[in-house]
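Some notes on the structure that comes next.
Laboratory data are not the source of any read-out in this text; all were calculated from the coordinates shown. Given the structure is predicted, the values throughout are model-derived calculations rather than measurements. All Cβ positions, glycine included, derive from the backbone under ideal geometry; neighbour counts span all protein chains shown.
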Amino acid sequence: MKLNKQLRKIHYWISPFIFIPILIIFSTGILLQLKKQSDWVQPPIQQGVSNVPSIEFQEMLEAAKSVPEAGINSWEDIDRIDVRPEKGISKIRSNNQWEIQIDNQTKEILSVEYRRSDIIESIHDGSFFTDYVKFGWFLPTAILLIFMSISGIYMFLLPLFMKRKKAKLK
């Protein structure tokens, strides 16, 4: 059996296996590409009063505790703190994905919004589901997609080379 025909059969049988993961990866990838342009995916960054931080971490915790949506009672409820001196703010992300933006100078809460980008990213890489799905379906999908891309280019270019070869012989 010719290589071109074998590759077409392989493409035919691989395609249904990788269709759903690719659809998930591409659609979440689009959302992640547009996260800075979409307030729904990631809250916009506010501007603080000054780019010289004067807030203490304990003051950040106290301010974060005042936001009921975030559910912060102690440091264990905080996933991360992102200090942005150039913007004059600190972003506190709670374990339940709520983001609180605090002015580094006045200690005022500038924004409280739900942040979806981390959840979308975990869906994108398959870790949202289970390790079995991530490594047993998403990883093989990536490897098969690379194979299908290379073999697809081969199947696309082969007829062009054959036409050129026939034209030279004439």
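How big is the dipole moment of the range 1-73 about its Cα centre under a simple scheme where the beta carbon of each Lys and Arg is +1, that of each Asp and Glu is -1, and everything else is neutral? Debye, nearest 20, please.
1120 debye
If amide hydrogens are placed 1.01 Å from N in the peptide plane, which non-local residues have theirs closer than 5 Å to the one on residue 83?
Those qualifying (amide H under 5 Å, at least 5 residues apart or on another chain) are 91.
What pairs from 5/165; 36/134; 5/134; 65/134 go past 29 Å between their alpha carbons?
Exceeds cut-off: 5/134; 65/134.
Ranked highest first by average number of other Cβ atoms within 10 Å, how do 130-137, 58-65 line up?
Ranking the peptides 130-137, 58-65 by packing returns 58-65, 130-137.
Looking only at the range 89-109, which residues have a backbone nitrogen under 17 Å from a spot 7 Å from the Cα of residue 75 in the C-beta direction?
92-95, by backbone N distance to the label point.
With n ≥ 4 as the cut-off for DSSP H runs, can you work out [θ] at 222 nm for the chain, using -39500 (n - 2.57) per run divided by the number of residues, rounded to the nearest 500?
-16000 deg cm²/dmol
Once the piece of chain linking residue 170 and residue 109 is laid out straight, how much longer is it, given 0.36 nm per residue of separation minus the C-alpha distance between them?
Stretched out fully, the residue 170 to residue 109 stretch lengthens by 14.2 nm.
With a bin width of 10 angstrom, please list the P(r) values of the range 42-114 as percents of all Cα-Cα pairs, from the 0 bin to the one holding the largest distance.
Result, from short to long distances: 24, 58, 18 percent.
Could you run the Debye sum over the Cα atoms of the chain, one equal point scatterer each and no solvent, and tell me log10 of I(q)/I(0) at q = 0.14 Å⁻¹, two decimals?
Result of the Debye calculation: -0.82.
Take the chain, connect every pair of alpha-carbon atoms lying under 10 Å apart with a spring to form a Gaussian network, then pick out the residue of 84, 115, 93 with the largest mean-square fluctuation.
84
Please list 3J(HN,Hα) in residue order for the range 100-109, calculated via the Karplus relation 6.51 cos²θ - 1.76 cosθ + 1.60 where θ = phi - 60°; whole Hz, with x for glycine and proline.
10, 9, 10, 5, 6, 9, 8, 6, 7, 7
So which helices of the chain fit the span-like rule, where a helix is a whole DSSP H run, its Cα atoms reach 20 Å or more along the axis, and its mean Kyte-Doolittle is at least -0.5?
Membrane-span-like by this rule: 3-33, 139-169.
Using +1 at the C-beta of Lys and Arg and -1 at the C-beta of Asp and Glu, which of 78, 95, 25 has the Cα lying farthest in the positive direction of the dipole of the range 17-131?
So the residue furthest toward the plus end is 25.
For an R0 of 35 angstrom, estimate the FRET efficiency from the Cβ-Cβ distance between residue 2 and residue 132 and round to the nearest 0.05.
Using R0 = 35 Å, I get an efficiency of 0.40.
Which value, in debye to the nearest 20, describes the size of the charge dipole of the range 36-92 about its Cα centre when Lys and Arg Cβ atoms bear +1, Asp and Glu Cβ atoms bear -1, and nothing else is charged?
That gives a dipole near 260 debye.
Please report, in debye to the nearest 20, how large the charge dipole of the chain is about its Cα centre when each Lys and Arg carries +1 at its beta carbon and each Asp and Glu carries -1 there.
Around 2660 debye, computed over the chain.
What is the range 89-143 by shape, rounded, prolate or oblate, if you read a ≥ b ≥ c off the alpha carbon gyration tensor as root eigenvalues and call it rounded for a/c under 1.5, prolate for a/b larger than b/c, and oblate otherwise?
In terms of gyration-tensor shape, prolate.
Amide H to amide H, which residues 5 or more places from residue 114 or on other chains are under 5 Å from it, using H placed in the peptide plane?
Those lying under 5 Å, H to H, from residue 114 are 99.
Put +1 on the Cβ of every Lys and Arg and -1 on every Asp and Glu Cβ in the chain; which of 144, 167, 119 then has its Cα farthest towards the positive end of the dipole?
After comparing all options, I get 167.
If amide H atoms are built 1.01 Å from N in the plane of the peptide, which residues on other chains or at least 5 residues away come under 5 Å of the amide H of residue 108?
103
For the chain, calculate the relative contact order in percent as a whole number, restricting contacts to Cα pairs under 8 Å that are 6 or more residues apart.
23 percent
With each label point set 7 Å from Cα along the Cα-Cβ vector, what nm distance links residue 47 and residue 142?
With each label placed 7 Å out from Cα toward Cβ, I get 3.9 nm.
What ranking do 157, 110 get, fewest neighbouring Cβ atoms within 10 angstrom at the top?
157, 110
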